[in-house]
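Beneath this line is the structure, given in structure tokens, with notes to follow.
Read-outs throughout are calculated quantities, based only on the coordinates presented, and are distinct from any laboratory measurement. Please read all numbers here as calculations on a predicted model, not as lab measurements. Because the Cβ atoms are built from the backbone with ideal geometry, glycine has one as well, and the counts that use them run over all protein chains shown.
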Amino acid sequence: MTVQGSLLDCLGLPDDGPAVAQLGDLGRARRTHLQDGAWIDVLPGWVSGSNELFDRLLDAVPWYGEQRQMYERVVRVPRMLCWYGEGDPLPDPLLTQARMRLSAHYGAEPFRTAGFCLYRDGRDSVAWHGDTIGRGRYEDTMVAILSFGSPRALLLRPRGGTTVHRFCLGHGDLVVMGGSCQRTWEHAIAKTARAVGPRISVQFRPRGVR
């Protein structure tokens with residue numbers, strides 16, 4: 001697989017050697033207030049120098065495929081997955097540090113689990129949904145998503161609505177969905193006919209949210 005790095009990964013001089021992945025300032029996140037008590041924070045390039053981290057995750061994460069029942073037939077989930085529950089060591093120490101930093105910054109409740117998705121190309125996607133398995137069905141919760149690899153558009157729309165918000169997430173970008181977002185809004189990664197490289201999404205969630 002080949003992946004286009006972000007502009008933030010290319011700021012060093014040619015003889016600097018490979019950039020070391022590091023976390024930026026969470027205070028730079030820009031918040032958008034949505035209707036019905038939902039909000040979303042977006043912070044481009046929170047993880048800088050993440051090309052090598054992307055490669056490590058491709059190799060270190062034990063990716064697997066899933067099949068799910070859709071109406072009267074079983075279909076293959078169009079992306080690769082991996083789930084790290086509470087107490088499971090994450091596949092890279094920077095992700096452990098990122099989860100701790102996010103928990104300390106947002107403060108309401110710590111992030112406990114990590115879901116990983118690998119979108120191999122534009123044919124991989126995730127349909128409109130909210131993270132409503134567990135407490136997300138009836139409580140305000142947060143989901144923090146780190147993106148690595150080629151940019152893809154995260155789409156948001158209110159449940160039952162047609163207005164779509166579009167956030168382009170690239171290498172090292174962070175998005176946090178909070179308030180009632182999982183209950184009152186839906187999000188998706190749509191298929192695209194454009195030639196795009198692979199993307200890894202890391203979703204940090206509090207206890208009891210899936």
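Table for the structure above
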| read-out | value |
| --- | --- |
| Volume per residue that the Cα convex hull of region 31-206 spans, once the total is divided by residue count, Å³ | 128 |
| Hypothetical label at residue 140: residues of region 70-111 whose amide nitrogen lies under 18 Å (7 Å Cα-Cβ projection) | 103-111 |
| Projected label distance in nm at residue 128 and residue 28, using a 7 Å step from Cα toward the beta-carbon | 3.4 |
| Order of 40, 133 - criterion: other Cβ atoms within 10 Å of each residue's Cβ, fewest first | 133, 40 |
| Relative packing of peptides 118-130, 45-57 - highest average C-beta neighbours within 10 Å first | 45-57, 118-130 |
| Estimated vicinal HN-Hα couplings, Hz - region 115-124 in sequence order (Karplus 6.51, -1.76, 1.60; Gly, Pro = x) | x, 10, 10, 10, 9, 6, 6, x, 7, 7 |
| Sites residue 20 and residue 55 - FRET efficiency at Förster radius 22 Å, r taken between beta-carbons, to 0.05 | 0.95 |
| Residue 195 paired with residue 36, simple spin-label distance in nm, labels 7 Å along Cα-to-beta-carbon | 4.1 |
